[in-house]
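As structure tokens, the structure follows; a few thoughts come after it.
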Amino acid sequence: MNVLTTNDLTLIADDKLLVKNLNVEFRSGQNWAVLGPNGSGKTTLLHALAGLTRPRSGNICYNNRNLDDIPDRKSVV
């Protein structure tokens, strides 16, 4: 089973605190929704979970491996 977890994840954009100390576990087969007003950090959170942006602090793990330790995928042409 694939698992994506956050450990004390904190996200800041333009000096605005968006997420503070988030601890959550996403398991394959689950459905989740991210809700909030414009500018609340929904896209920033999704970008961080996808490994596109780095969190201010904390970490994100996929199957117990830190995203920073997983090499980027290479395009096959």
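In this structure, residue 51 qualifies as among the small types (Gly, Ala, Ser), in a loop (DSSP other than H, G, I, E, B) and within 10 Å of the chain's Cα centre (by Cα).
Residue count for the stretch 1-51, restricted to those that are under 17 Å from residue 64 (Cα atoms), open to solvent by less than 80 Å² (accessible area, probe 1.4 Å) and basic (Lys, Arg): 0.
For the stretch 52-70, the set of residues classified as without any contact (Cβ under 8 Å) to a residue 12 or more places away in the chain, open to solvent by 50 Å² or more (accessible area, probe 1.4 Å) and under 14 Å from residue 2 (Cα atoms) consists of 65 only.
Anything in the stretch 1-10 that is over 18 Å from residue 50 (Cβ atoms) and in a loop (DSSP other than H, G, I, E, B)? List them, or say none.
So the first thing to find is which residues in the stretch 1-10 are over 18 Å from residue 50 (Cβ atoms), and the list is 1, 8.
The answer is 1, and nothing else.
Taken over the stretch 11-40, the criterion of being under 13 Å from the mean Cα position of the chain (by Cα), among the hydrophobic types (A, V, I, L, M, F, W, C) and either assigned to a strand (DSSP E or B) or on the phi > 0 side of the Ramachandran plot (or both) is satisfied by 11, 12, 18, 19, 22, 24, 26. The residue that is modelled with the highest pLDDT, counting only those in the stretch 54-77 that are assigned to a loop (DSSP other than H, G, I, E, B) and out of contact with any strand residue (DSSP E or B) (no Cβ under 8 Å at 6 or more places or on another chain), is 54.
The values are calculated or read from the model by the stated rules, or taken from the named source; none is laboratory data. Keep in mind it's a predicted model, so treat the numbers as computed, not measured. As a convention, Cβ positions derive from the backbone with ideal geometry for all residues, glycine included, and neighbour counts pool all protein chains shown. Note: accessible area is taken over every heavy atom of the protein model, side chains too, but ligands, DNA and RNA are not part of it. Shrake-Rupley method; radii C 1.70, N 1.55, O 1.52, S 1.80 Å.
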